[in-house]
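Here's the structure, in structure tokens; my notes come after.
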Amino acid sequence: MEITEVRVFLTSQEGPTKAFASVTFDDSFVVKDMRVVDGKKGLFISMPSRKDKNGEFRDVCHPINNDTRNLIHDAIINKYNEEIA
């Protein structure tokens with residue numbers, strides 16, 4: 001699996017969410033509404049989520065292993081850093 005495109009959309013609002021991102025895999029599948037969040041330990045990527053009937057947020061999709069999580073994280077953070085530079 002290869003990331004073929006990363007788009008980052010900076011937010012102008014105050015708060016921990018710094019940007020939204022979409023990632024395209026193999027020019028054939030896209031995941032939208034990932035967030036770049038400034039947390040206590042630095043920037044991290046939040047997967048798209050929705051609120052369940054108990055009011056808790058659950059990821060709509062997420063990586064199955066750390067290698068894939070790191071691949072997505074690094075691609076988005078690198079693009080985010082390009083956008084803010």
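The values are calculated or read from the model by the stated rules, or taken from the named source; none is laboratory data. The structure displayed is predicted, hence computed values, not measured ones. Cβ sites come from the backbone with ideal geometry, for glycine too, and all protein chains shown count toward neighbours. Areas reflect the complete protein model, heavy atoms only, side chains present, ligands, DNA and RNA absent. Shrake-Rupley method; radii C 1.70, N 1.55, O 1.52, S 1.80 Å.
Taken together, the residues in the range 25-72 that are open to solvent by 30 Å² or more (accessible area, probe 1.4 Å) and either outside any strand (DSSP E or B) or among the basic types (K, R) (or both) amount to 26. With respect to the conditions (1) assigned to a loop (DSSP other than H, G, I, E, B); (2) surrounded by 15 or more Cβ atoms within 10 Å (Cβ to Cβ), A19 lacks only one, and its number is (1). In the range 36-59, the residues that are under 16 Å from T17 (Cα atoms) and free of Cβ contacts under 8 Å to residues at least 12 places away in the same chain reach residues that are among the aromatic types (F, W, Y) and assigned to a strand (DSSP E or B) with C-beta atoms within less than 6 angstrom, at least six apart or across chains, in these pairs: S49/F57. Open to solvent by less than 80 Å² (accessible area, probe 1.4 Å), in contact with a helix residue (DSSP H, G or I) (Cβ under 8 Å, 6 or more places away or on another chain) and either part of a helix (DSSP H, G or I) or at negative phi (or both), is that true of K79? For K79, the condition - open to solvent by less than 80 Å² (accessible area, probe 1.4 Å), in contact with a helix residue (DSSP H, G or I) (Cβ under 8 Å, 6 or more places away or on another chain) and either part of a helix (DSSP H, G or I) or at negative phi (or both) - is not met.
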